Protein chains: 2
Amino acid sequence: MKKYVIGIDYGTLSARAVLADAENGSILPHTPTFPYPHGVMTELAGKPLPSEFALQHPKDYTDALEFLIPELVKKNGVDPKDIVGIGIDFTACTIFPLDENREPLCFDKRFEAEPLAYSMLWKHRGADKYTHLFEDAAKKLYPYLLDMTGGRIAGEFFFPKLYEVYKEAPEVYKNASVFINAGDHVASVLTGNKVHSVAFATIKEHYDNFGGKGYPDRSYFAEIDGGFADVLTKVDTDLTPVGSCAGRLTAAWAERLGLCEGTAVAVPIIDAHGAISAAGIADKRATLAIGTSAVVAVMSSEYNNVKGILAQGYEATAEGLHSLEAGVRAMGDLYDWFVKNCVSAEYERRAKECGMNIHAYLRSLAAKKKIGESRLIALDWFNGNRSVLPNDKLSGMILGLTLATRPEDIYRALIESTVFEIKRVCDNYTSSGIEINSVVATGGIPLKDPMLMQILSDTMNMPVSCLESSEATALGSAVYGATAAGLYTTVAEASQKMKQPIAKTYYPVAENVRAYAELYAEYCRLYDYFASGENAVMERLHDLKI
Amino acid sequence: MKKYVIGIDYGTLSARAVLADAENGSILPHTPTFPYPHGVMTELAGKPLPSEFALQHPKDYTDALEFLIPELVKKNGVDPKDIVGIGIDFTACTIFPLDENREPLCFDKRFEAEPLAYSMLWKHRGADKYTHLFEDAAKKLYPYLLDMTGGRIAGEFFFPKLYEVYKEAPEVYKNASVFINAGDHVASVLTGNKVHSVAFATIKEHYDNFGGKGYPDRSYFAEIDGGFADVLTKVDTDLTPVGSCAGRLTAAWAERLGLCEGTAVAVPIIDAHGAISAAGIADKRATLAIGTSAVVAVMSSEYNNVKGILAQGYEATAEGLHSLEAGVRAMGDLYDWFVKNCVSAEYERRAKECGMNIHAYLRSLAAKKKIGESRLIALDWFNGNRSVLPNDKLSGMILGLTLATRPEDIYRALIESTVFEIKRVCDNYTSSGIEINSVVATGGIPLKDPMLMQILSDTMNMPVSCLESSEATALGSAVYGATAAGLYTTVAEASQKMKQPIAKTYYPVAENVRAYAELYAEYCRLYDYFASGENAVMERLHDLKI
């Protein structure tokens, strides 16, 4: 009798789900998607939100379950009895406050007009202005905290976000019994248990899972602000390890979803790490999770102090391994910005005539160009730089423009800039002692854009593969569902059995490698000039008082 | 009895004509335009032309006369007997070869498929690769030649263009009895006389009209190339001074145009200089002729050695004065590039809904922004830099881009970049001893774009005026028609009587001046970084072997 597991991938704009064969990871054909009805909220109660805010509505998360799972079971024609586990991955750090009944605080009428009672998405940047307090306190009391996070503490992390609530919405802070990761919340709802995944805690919550120090103590938070000293009373500090079972599906949710009561629910993981497991956990490989932004993740059996990455966490992905995570702040987002803002009506008309969407049409034109033919170089910091600087005040640049420049030239230059950023991130890993000799790229874009994949292989000068399914991340979650159900003893074992086949491997072409080495050198020269402070024009423009 | 004069302005894409009251310069209402049927040619005999080529068909020039003048006379209802003079301005250096009968060589069947038998437009850049020969020879033999042309010799000048023909189309060179400026050709055709204006000769043909050396001697051309030593045998070396009469309208052309035989035809001038006369010849004023590109012209009663300008010529515009000319390579062209390539269908739709053209719509959005609000800085070198570097290998740059950047932000940043370039050109004049305390901007754009005019005034920190008519250049030609007809004794006198009224003067606003000083400082920092060789990335990209 075949056994199946569900994997649910909660992304930035939508959730999607797969049903996979627990033995070999093959994904059943119907893979529904649920775009969040509230999307990324830009206003609340008729008022526009500040541009640095990125909020979601927690109701969308459970609505996603109620849509996706019945769809998945029915359309794939699988008997619910054969579904033995559910895995969940979620963006991180995406968090919100719960009331004393562990209901989202924003469901309470008193707080429904209060932005910070809603879910603060990973890319919510309202706390950026407070990070220096965390960094200063870490430098003074606990420098190891900075080693865990590449030398900086980002505004998108857990405690800076909590501090933002403490400072700017004190009533929310006071009435919050706990702040929870959205992924943990979903697992808690399904099982009725308190769940707090080590994945979230060790990667973005200063939780030392390797040295055994756990959370920083009260003195750290007191150093930041006396009133913030007891913040740990608003955190579930009993952690649940990755690869374990968070609990069993309750009768009520089993009925609601059309599954069997008692189905195993895995401890949730971070979305980017789902991609690693879907590709098969392996050494010396960079796994790219490419979506609106991109994560460049590597696994290491030894601890390395790597500057400039976003974070690293022990056993955040699999037993006995360190997960290191660096990122490119805008990738799909950047290409989308370009087609939404900078492509003429004429091009849209021509794309329609060719029966292509505008991305495909631009790619078809850009792919015909020779390397360097556009004579453009771009810096991809349209959403700041996440790794390896990091610096949120940096911005994008396009250089080499002429009256003969066409949209496809710029489109290709933007793609190249994001690839160069990935190369720069990987160079940083290798110079910190982590060897990389291959790349696996996951997500929809690698399957749609062979040009990007070839550029990546030529720039990295190494083989770059993409997986057969664009739903690799959700399949990665399913790996944890299978482990939680007891079908495997370790995540690594489940991952090896269930990993996705490689759709295609791109190999570097010697003459392209030489051409891109030249362009990458130009990119790095500009990168260093603008990022090193030699000309801090981007920061000055960012800080201009208008 | 009122007397009238005709002014014909031959631009890059079209010719236009005005009929003006010779006493006060007031322009009659009907001002016809003749777009050149062949435009700027991109192919010849079915073959595409190289991208650095910019050719015109000489037939378009005389066809323009046959269309414009009858239109002008008829529609304005003026008796041809009251029309006493014709003035002509033309882009420069725009030249072509004539056969032994002084017919354009390209009219000869033997040469109709030969690109270099056609008219090489001012911006034809096929000779760029030969300019070092001219510069080296000048350095060695006649350094004063470089002082006349801002320290460099441009590929768009007369002799480099002739050398291009000599090298690349030897049969054309051999069969050319003379190479003529298009403006001189028009005046020659109308009068039956040989015409060679001092304006063309002194500004772009190394003709020293101040020191009295005239053309460089044979040894200069022999130094460049032995076979090119006798090039002056293919030039009309008897020059006709600006402000004088080139001759009288022939009977045949009088009949063809519906004018009276014997009407005075002025010695032609350079188009940008028409704008100076239309604004009223004055000291300490920069005159901007803004079109696809822009010219920044100043008049000086004393000789100044100014580096980085395109050229200067004695009595090129008016008696006893030096005309200095610097330029911005892309202005209207740049804004057009942007709307053609980078504005979305959505914006085009909204513009249509508002009943605006896309330029007007973008301006309406951009004008609402505060200074610096877009946080963008651009370098305007989309067509290279003409002054004050000059460097054709430089290219455009946009910096400060984010996912929140909208088309109107970029549009405004491009406008600001061209204004900053004008400021840089004027700073160069003043640091070379030429005082500037006001600006007059001519052309259609200043009348259409009050935002640009205010930015110009704020950036320059001085009053900036625009003239009532967008046909100022053609009116400037008419000034010379009136002088040629003997109605005035000097160009300066005619110009003072016939100058166009000021439509509006923009005054600097103190807080804007401060804000733009900050942005201009950023512009200059980037300008110097990329232009000084500190990071010659633009040149390297330009020279990439593809």
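Can you pull out every residue in region A:58-98 that is part of a strand (DSSP E or B), under 24 Å from A:LEU487 (Cβ atoms) and of a type in the set (Val, Ile, Thr)?
A:ILE83, A:VAL84, A:ILE86, A:ILE88, listed by residue number.
Among the listed residues A:LYS352, A:LYS368, identify the single one that is in a loop (DSSP other than H, G, I, E, B), among the basic types (Lys, Arg) and either exposed (fewer than 14 other Cβ atoms within 10 Å of the Cβ) or more than 8 Å from chain B (Cβ to nearest Cβ) (or both).
A:LYS368
Just checking, how many residues over region A:506-524 are within 11 Å of chain B (Cβ to nearest Cβ) and in contact with a strand residue (DSSP E or B) (Cβ under 7 Å, 6 or more places away or on another chain)?
3
Contact list please: Cβ distance under 7 Å, first residue in region B:256-280 and among the polar types (S, T, N, Q), second residue modelled with pLDDT of 95 or more and not in a helix (DSSP H, G or I), pairs at least six apart or on different chains.
So the pair list comes out as B:THR263/B:ILE83; B:THR263/B:VAL84; B:THR263/B:GLY85; B:THR263/B:ILE86; B:THR263/B:ARG248; B:THR263/B:LEU249; B:SER277/B:THR317.
Can you find, within region B:380-409, the residue that is surrounded by the most Cβ atoms within 10 Å (Cβ to Cβ) among those that are among the hydrophobic types (A, V, I, L, M, F, W, C) and within 8 Å of chain A (Cβ to nearest Cβ)?
The residue in question is B:LEU401.
Does region A:109-132 contain any residue that is crowded, with 24+ Cβ neighbours inside 10 Å, among the aliphatic types (A, V, I, L, M), modelled with pLDDT of 95 or more and part of a strand (DSSP E or B)?
yes
Looking at the structure I just gave you, is B:ALA413 part of a helix (DSSP H, G or I), within 11 Å of chain A (Cβ to nearest Cβ), among the aliphatic types (A, V, I, L, M) and without any contact (Cβ under 8 Å) to a residue 40 or more places away in the chain?
In short, yes.
How about region A:70-88: which of its residues are crowded, with 20+ Cβ neighbours inside 10 Å and either acidic (Asp, Glu) or in contact with a Lys or Arg (Cβ under 9 Å, 6 or more places away or on another chain) (or both)?
A:ILE83, A:VAL84, A:GLY85, listed by residue number.
For the subset of region A:525-546 comprising residues that are more than 11 Å from chain B (Cβ to nearest Cβ) and touching a residue at least 40 places away in the same chain (Cβ under 8 Å), which member is surrounded by the fewest Cβ atoms within 10 Å (Cβ to Cβ)?
Looking at the filtered set, the residue picked out is A:ALA531.
Yes or no, residue by residue, for (1) among the acidic types (Asp, Glu); (2) within 22 Å of B:ARG152 (Cβ to Cβ):
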| residue | (1), (2) |
| --- | --- |
| B:ALA182 | no, no |
| B:SER188 | no, no |
| B:ASN193 | no, no |
| B:HIS196 | no, no |
| B:PHE200 | no, yes |
| B:GLU205 | yes, yes |
| B:ASP225 | yes, yes |
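Could you count how many residues in region A:490-505 are out of contact with any strand residue (DSSP E or B) (no Cβ under 9 Å at 6 or more places or on another chain) and exposed (fewer than 15 other Cβ atoms within 10 Å of the Cβ)?
Residues flagged as out of contact with any strand residue (DSSP E or B) (no Cβ under 9 Å at 6 or more places or on another chain) and exposed (fewer than 15 other Cβ atoms within 10 Å of the Cβ) within region A:490-505 amount to 1.
Pick out, from region A:254-338, the strands (runs of 3 or more DSSP E) lying fully within it that include 2 or more residues that are closer than 19 Å to A:MET460 by Cα.
A:285-290, A:294-300, A:322-328
If the Cβ limit is 7 Å and pairs must be 6+ apart or interchain, which residue in region A:373-395 that is assigned to a strand (DSSP E or B) pairs with which residue that is at pLDDT below 95 and of a type in the set (Asp, Glu)?
Here the result reads A:GLY384/A:ASP392, each pair linking region A:373-395 to a residue that is at pLDDT below 95 and of a type in the set (Asp, Glu).
State all residues of region A:100-122 that are touching a Ser or Thr at 6+ places or on another chain (Cβ under 6 Å) and of a type in the set (D, E, K, R); if no residue qualifies, say none.
A:GLU100
When you go through B:ALA64, B:ALA45, B:ALA15 one by one, which is the residue that is farther than 22 Å from B:ALA279 by Cβ and surrounded by 18 or more Cβ atoms within 10 Å (Cβ to Cβ)?
B:ALA64
Of the conditions (1) surrounded by fewer than 22 Cβ atoms within 10 Å (Cβ to Cβ); (2) more than 14 Å from every other protein chain (Cβ to nearest Cβ); (3) modelled with pLDDT under 95, B:LEU310 clears all except one; give me its number.
Result: B:LEU310 passes all but (1).
Answer yes or no: is there a residue in region B:45-62 that is among the acidic types (Asp, Glu) and more than 21 Å from the chain's Cα centre (by Cα).
Within region B:45-62, none of the residues are among the acidic types (Asp, Glu) and more than 21 Å from the chain's Cα centre (by Cα).
What residue, of B:ASP21, B:ASP9, is within 29 Å of B:GLU493 (Cα to Cα), buried (at least 24 other Cβ atoms within 10 Å of the Cβ) and acidic (Asp, Glu)? Before you say what the answer is, go through the steps one by one.
On the way: B:ASP21 fails: buried (at least 24 other Cβ atoms within 10 Å of the Cβ).
From the options B:ASP21, B:ASP9, the qualifying one is B:ASP9.
Mind checking which helices (runs of 4 or more DSSP H) fall wholly inside region B:449-539 and carry at least 1 residues that are closer than 30 Å to A:GLU373 by Cα and among the hydrophobic types (A, V, I, L, M, F, W, C)?
Counting at least 1 such residues, we get B:510-531.
Answer with yes or no whether A:PRO35 is under 23 Å from A:ALA187 (Cα atoms), touching a strand residue (DSSP E or B) at 6+ places or on another chain (Cβ under 9 Å) and surrounded by fewer than 17 Cβ atoms within 10 Å (Cβ to Cβ).
On the way: under 23 Å from A:ALA187 (Cα atoms): yes; touching a strand residue (DSSP E or B) at 6+ places or on another chain (Cβ under 9 Å): yes; surrounded by fewer than 17 Cβ atoms within 10 Å (Cβ to Cβ): yes.
Considered against the rule, which asks whether it is under 23 Å from A:ALA187 (Cα atoms), touching a strand residue (DSSP E or B) at 6+ places or on another chain (Cβ under 9 Å) and surrounded by fewer than 17 Cβ atoms within 10 Å (Cβ to Cβ), A:PRO35 comes out as yes.
So A:ALA20 ticks every box in (1) closer than 26 Å to A:ALA117 by Cα; (2) touching a residue at least 60 places away in the same chain (Cβ under 8 Å) but one. Which box is left unticked?
(1)
Within region A:149-181, restricting attention to residues that are part of a loop (DSSP other than H, G, I, E, B), out of contact with any Ser or Thr (no Cβ under 8 Å at 6 or more places or on another chain) and aliphatic (A, V, I, L, M), which residue is farthest from A:ASP392 (Cα to Cα)?
Going through the qualifying residues, I end up with A:ALA176.
Which of the residues that make up region A:350-391 are at pLDDT below 95 and touching a Pro at 6+ places or on another chain (Cβ under 9 Å)?
Once the filter is applied, which keeps residues that are at pLDDT below 95 and touching a Pro at 6+ places or on another chain (Cβ under 9 Å), region A:350-391 yields only A:GLY384.
The values are calculated or read from the model by the stated rules, or taken from the named source; none is laboratory data. All values derive from a computational prediction rather than experimental measurement. Methodologically, a virtual Cβ is constructed for each residue, glycine included, from the backbone with ideal geometry; neighbour enumeration extends over all protein chains shown.
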